[in-house]
Amino acid sequence: MTGDFGGAGEVAFSRRGCAGVITLQRPAALNALTHGMVLAIARALDAWEADDGIAVVLIRGEGRAFCAGGDIQAIYRAGQAGKPLYRFFADEYRLNTRIEAYPKPYIALIDGIVMGGGVGVSIHGSHRVFTENARFAMPEVTIGFFPDVGGSHFLPRLPGEAGMWLGLTGTRLGQGDALQVGVATHAVEAGGLDELAAALSSGDDVGTTLARFSAMPERQIDDKTLASVADIFAAATLGDLVARLRARAGAADTFARAVLERLNTCSPTSLGVAFRQIRAGRALSMRECMAMEYRIVSRMLRGYDFYEGIRAAVIDKDGVPRWRPDTLQAVDPASIDEYFAPLGEHELDFDPGGTT
């Protein structure tokens, strides 16, 4: 028995051998997470931790995506109605924290798109298995948001400033590059994913089983580009980073020029917030990172750029967000500070029975 964890029609739970299996079931919406799905997954993890018959947790998605993020259309509608979804984010961040500390192997089988909230229910687990169809990205700054769901914890821990690069640009990674920078822990062929799941469910040693199925795929990003990332994105401030990009772009560096063009399309406020959160997160625990992120999201849900970014991307689909302010130079440093200020009695409560 797997128990009735909720989420019917959106997420399914099953028991296969010694594995508890979570299957995201919103393929038409690229398995975007709803509040009900978040709560159901949390209940399942609680039950399976106490179940001696469950030795490993597997999570996968139906269709062409693992999970493309949170349900941003629902977030937009709630914000426009004056009812920001604070509870959704609080419960999602508690789930991210739960996964990071989960005492049993938690293995994400990623075959397709994994972004935003999908990263939050995969990256913090013990193993992330990417197929050749996997496409990872954290593109939140392009819609006036920030790389949340624990981005402040895992991004700064990637090697060579790769996390700052991914968080500020939303660059997509395929299988080989995700493995290279540590986003993925293993790479397998999509055709062998069901066989891998069966082997992991049989009680065989997890490490040995994953090693048996693993491949070493080719990378698309070369060493020269990674060296540029390590140099440029090590800048002490966002202003210094942009200055480095401009200097290199002026010297006909095509990588720097492309990054600069990308940053010019993003919310200037989001870039300021993301830079600070990633730098700060390097010295923080997962819980401290999630508390910080909840402070940020609480302000963004009362702000302008996030909803404007969603409007331009998925509501009106005109692709022309009108940011406020619309340049990095116009961003008041004090306005960035406000996103990180304590929330008093509204801080994130990590007790599931709390009232946040």
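The values are calculated or read from the model by the stated rules, or taken from the named source; none is laboratory data. Just so it is clear, the structure is predicted and the values come from calculations on it, not from any experiment. As a convention, Cβ positions derive from the backbone with ideal geometry for all residues, glycine included, and neighbour counts pool all protein chains shown. Just the protein is used for accessible areas: all its heavy atoms, side chains included, with ligands, DNA and RNA removed. Shrake-Rupley method; radii C 1.70, N 1.55, O 1.52, S 1.80 Å.
Couple of notes before you dig in:
- Within region 20-47, being within 25 Å of LEU193 (Cβ to Cβ), of a type outside the set (A, V, I, L, M) and open to solvent by 10 Å² or more (accessible area, probe 1.4 Å) holds for THR23, GLN25, ARG26, PRO27, THR34.
- Condition broken by ASP194, with the remaining ones in (1) acidic (Asp, Glu); (2) touching a residue at least 24 places away in the same chain (Cβ under 8 Å); (3) open to solvent by 50 Å² or more (accessible area, probe 1.4 Å) satisfied: (2)
- Of the helices (runs of 4 or more DSSP H) entirely within region 166-266, those holding at least 3 residues that are under 27 Å from ILE278 (Cβ atoms) and out of contact with any strand residue (DSSP E or B) (no Cβ under 9 Å at 6 or more places or on another chain) occupy 223-232, 238-250, 254-263.
- Residue within region 100-111 that is of a type in the set (Asp, Glu), open to solvent by 40 Å² or more (accessible area, probe 1.4 Å) and in contact with a helix residue (DSSP H, G or I) (Cβ under 7 Å, 6 or more places away or on another chain) present: yes
- Selection within region 71-84 - in contact (Cβ under 8 Å) with a residue 60 or more places away in the chain and either open to solvent by less than 50 Å² (accessible area, probe 1.4 Å) or more than 18 Å from MET37 (Cα to Cα) (or both): ILE72, ILE75, TYR76, GLY79, GLN80, PRO84
- Exclusive hit being free of Cβ contacts under 8 Å to residues at least 12 places away in the same chain, open to solvent by 40 Å² or more (accessible area, probe 1.4 Å) and over 29 Å from PRO333 (Cβ atoms), set ASP205, ASP240: ASP205
- Unique residue being surrounded by fewer than 24 Cβ atoms within 10 Å (Cβ to Cβ), touching a Gly at 6+ places or on another chain (Cβ under 6 Å) and without any contact (Cβ under 8 Å) to a residue 60 or more places away in the chain when the list is ARG219, ARG135, ARG212: ARG219
- Listed by position, the helices (runs of 4 or more DSSP H) inside region 269-356 whose residues that are free of Cβ contacts under 8 Å to residues at least 60 places away in the same chain number at least 3 are 286-300, 333-339.
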